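All remarks here apply to the structure that follows.
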Amino acid sequence: MMLALCVAALASFGMVVQPSNHVRTIRYPELATMLNQPGDTTYVFNFWATWCKPCVKELPQFQALESEMKGKAVRVVFVSLDFASQLERVVEPFVTAHKVEQPVLLLDETDYNAWIDKLDSTWEGNLPATLVVNNARHFRKFYAHEFEPGTLLDSVNQLLSLHQQ
């Protein structure tokens, strides 16, 4: 069921995913297109890396978010900032070991200064970081910190409540 949701979410971005390997390498222009998807789905983009202890610590909150938000169009997309050269050796095994069922994208950009300010001008590049976007409701909220247990769900619920249509 969750894999079907992942495939559907990626299909909405015009992506194809293979069930055995759902980590896909992208460049910033493709991510920018995803961030501007029309429709009333709230996307939670979590920027993380396998070597980032706070990222790994908060991972279960993101994995559980969609099921905790039953009845609401909320989709989680993990954006790995690991090196593209580590895709097969590090990132894919990590995703498999942690049973990540949501879409996982590896952002293959080495010049972080070229895109970080485009994502959010307040971001200094620290990890973890999260961007919550709903283009139909006209909101975009950036969090440049780790979510303590239970706070991610509260934050997303608060955004949705503030921006009801």
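The values are calculated or read from the model by the stated rules, or taken from the named source; none is laboratory data. Worth saying up front: this structure is predicted, and the values here are computed from it rather than measured. Here Cβ is always computed from backbone atoms with ideal geometry, including for glycine, and neighbour counts include all displayed protein chains.
Among the residues of the stretch 107-146, the ones that are basic (Lys, Arg) and part of a helix (DSSP H, G or I) come to 1 in all. Restricting the stretch 40-63 to residues that are touching a helix residue (DSSP H, G or I) at 6+ places or on another chain (Cβ under 8 Å) and not aromatic (Phe, Trp, Tyr), the residue that is nearest to residue 96 (Cα to Cα) is 50. Kindly establish whether residue 82 is more than 29 Å from residue 157 (Cβ to Cβ) and in contact with a helix residue (DSSP H, G or I) (Cβ under 7 Å, 6 or more places away or on another chain). Yes, satisfied.
Residues to consider are 98, 163, 145, 138; find the one that is within 21 Å of residue 30 (Cα to Cα) and of a type outside the set (A, V, I, L, M, F, W, C).
Going through 98, 163, 145, 138 in turn, just one is within 21 Å of residue 30 (Cα to Cα) and of a type outside the set (A, V, I, L, M, F, W, C): 138.
Which count do you get for residues in the stretch 5-31 that are at pLDDT below 95 and part of a helix (DSSP H, G or I)? So the answer is 8.
Residues of the stretch 93-124 being in contact with a helix residue (DSSP H, G or I) (Cβ under 9 Å, 6 or more places away or on another chain), under 17 Å from residue 56 (Cα atoms) and not hydrophobic (A, V, I, L, M, F, W, C), which ones? 98, 99, 101, 102, 103, listed by residue number. Restricting the stretch 62-80 to residues that are surrounded by fewer than 17 Cβ atoms within 10 Å (Cβ to Cβ) and touching a Ser or Thr at 6+ places or on another chain (Cβ under 9 Å) leaves a set whose member that is nearest to residue 106 (Cα to Cα) is 73.
Selection of the stretch 31-61 for residues being surrounded by fewer than 17 Cβ atoms within 10 Å (Cβ to Cβ) and acidic (Asp, Glu) yields only 40. Restricting the stretch 121-165 to residues that are within 13 Å of the chain's Cα centre (by Cα) and of a type in the set (Phe, Trp, Tyr) leaves a set whose member that is surrounded by the most Cβ atoms within 10 Å (Cβ to Cβ) is 143. Tell me, please, whether a residue that is farther than 17 Å from residue 62 by Cα and touching a His at 6+ places or on another chain (Cβ under 7 Å) can be found in the stretch 139-146. Yes, the stretch 139-146 contains a residue that is farther than 17 Å from residue 62 by Cα and touching a His at 6+ places or on another chain (Cβ under 7 Å). Given the structure, is residue 99 surrounded by 12 or more Cβ atoms within 10 Å (Cβ to Cβ) and either basic (Lys, Arg) or not in a loop (DSSP other than H, G, I, E, B) (or both)? No: the conditions fail for residue 99. Residue 83 - would you say it is at pLDDT 95 or above and either of a type in the set (A, V, I, L, M, F, W, C) or loosely packed, with under 13 Cβ neighbours inside 10 Å (or both)? It is true that residue 83 is at pLDDT 95 or above and either of a type in the set (A, V, I, L, M, F, W, C) or loosely packed, with under 13 Cβ neighbours inside 10 Å (or both).
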